[in-house]
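The block underneath contains the structure these notes are about, expressed in structure tokens.
The values are calculated or read from the model by the stated rules, or taken from the named source; none is laboratory data. Because the structure is predicted, anything quoted here is derived from the model rather than measured. Cβ: placed from backbone, ideal geometry, glycine included. Neighbour counts: every protein chain shown.
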Amino acid sequence: MAKSETGAATTRARKLSYKRVLLKVSGEALMGGGTYGIDQSVVARIAEEIAEAKSLGAEMCVVVGGGNIFRGVSQAASGMERASADYMGMLATVMNALALQNALESIGMFTRIMSAIEMTAICEPYIRRRAIRHMEKGRIVIFAAGTGNPFFTTDTAAALRAAEMGCDALFKGTQVDGVYDDDPKRNPDAKRFDRLSHRDVIVRDLKVMDQAAIALTRENSIPIVVFSIQTRGGVVGALTGEGPHTTIVDE
């Protein structure tokens, strides 16, 4: 069967909870067991999970962080001027986007990288209507360089792009399988929430995303689905509601 931009023919028997989603992948998730850089095997696994979600009929776009290469806030604290440090962090997200694009295209997915900072030799500049058109054509759009502005995190960029793309949900892949009332890595008795409101996250000061991102998703009625990006099948599990996750949504 000929390959097309809508992906290989697959069964769509599994019911999707969301049709169009934005996946936020942190830079740290791409390190694997390392302390720095990109673990290609981890990137390949995440690409396979995105491809599986796409094969079920979901429209996918992705925002990548850059913490595995450069973290602006910590460098700024060491004396570097904050805006310059954040711009360096934005460039790191472009490197991660290229790695993810390569992994996706190696398994037959059609992708586009769109950067908030123009660098036309390697990717397209971010244009909202063009990004939407790419998704309608079945391409996976990877958003790089954050919002293009210093002092904003890639979480905020993810919330912004999710609103601009008209996404049904923002998926936040983390190191654990949802939002807990305490750090589950340090406290084995920590309890996972199945459901929270955006207000709960703000009032309880839960460290899910920064408050600007929470406010943006709340104002635009976008659910946030928090799940483990470390667990195989996590993306599809969140997409179908079958896997462990926490949903942040206002009733």
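Taking into account only those residues within region 74-99 that are of a type in the set (Gly, Ala, Ser) and at pLDDT 95 or above, which is surrounded by the most Cβ atoms within 10 Å (Cβ to Cβ)? By that ranking, first place goes to ALA97. LYS172 satisfies every condition listed in (1) closer than 26 Å to ARG45 by Cα; (2) part of a helix (DSSP H, G or I); (3) not polar (S, T, N, Q) except (2).
Taking region 64-154 and the helices (runs of 4 or more DSSP H) fully enclosed by it, the elements with 3 or more residues that are farther than 24 Å from LYS54 by Cα are at 72-77, 82-105. When HIS134 is tested against (1) within 20 Å of GLN40 (Cα to Cα); (2) without any contact (Cβ under 8 Å) to a residue 24 or more places away in the chain; (3) crowded, with 16+ Cβ neighbours inside 10 Å, just one condition goes unmet, and that condition is (1). Screening ILE142 with (1) under 15 Å from the mean Cα position of the chain (by Cα); (2) surrounded by fewer than 22 Cβ atoms within 10 Å (Cβ to Cβ); (3) closer than 23 Å to GLY57 by Cβ gives one miss only, at (2).
The residues of region 181-211 that are touching a residue at least 24 places away in the same chain (Cβ under 8 Å), touching an Asp or Glu at 6+ places or on another chain (Cβ under 8 Å) and not hydroxyl-bearing (Ser, Thr, Tyr), listed by number, are ARG192, PHE193, HIS198, ARG199, LEU206, MET209, ASP210. Can you work out which of the residues in region 155-168 that are among the aliphatic types (A, V, I, L, M) and outside any loop (DSSP other than H, G, I, E, B) is surrounded by the fewest Cβ atoms within 10 Å (Cβ to Cβ)? Only one residue tops the list, namely ALA163. Taking region 214-251 only, how many residues are touching a residue at least 24 places away in the same chain (Cβ under 8 Å), under 24 Å from LYS54 (Cβ atoms) and assigned to a helix (DSSP H, G or I)? Of the residues in that region, 7 qualify.
Name every residue in region 126-155 that is β-branched (Val, Ile, Thr) and out of contact with any Gly (no Cβ under 8 Å at 6 or more places or on another chain), in order of residue number. Listed by number, the residues that qualify are ILE127, ILE140, VAL141, ILE142, THR147. For region 175-193, the criterion of being modelled with pLDDT under 95 and under 29 Å from VAL94 (Cβ atoms) is satisfied by at least one residue. Out of (1) crowded, with 18+ Cβ neighbours inside 10 Å; (2) touching a Lys or Arg at 6+ places or on another chain (Cβ under 6 Å); (3) modelled with pLDDT of 95 or more, what's the single condition that is false for PHE171? Unmet for PHE171, out of (1) crowded, with 18+ Cβ neighbours inside 10 Å; (2) touching a Lys or Arg at 6+ places or on another chain (Cβ under 6 Å); (3) modelled with pLDDT of 95 or more: (2). Looking only at region 201-213, filter to residues that are assigned to a loop (DSSP other than H, G, I, E, B) and surrounded by fewer than 18 Cβ atoms within 10 Å (Cβ to Cβ); which one of those is nearest to the chain's Cα centre (by Cα)? So, considering only residues that are assigned to a loop (DSSP other than H, G, I, E, B) and surrounded by fewer than 18 Cβ atoms within 10 Å (Cβ to Cβ), the one nearest to the chain's Cα centre (by Cα) is ASP210.
With respect to the conditions (1) in contact with a Pro (Cβ under 8 Å, 6 or more places away or on another chain); (2) touching a residue at least 60 places away in the same chain (Cβ under 8 Å); (3) within 25 Å of MET31 (Cα to Cα), VAL176 lacks only one, and its number is (2).
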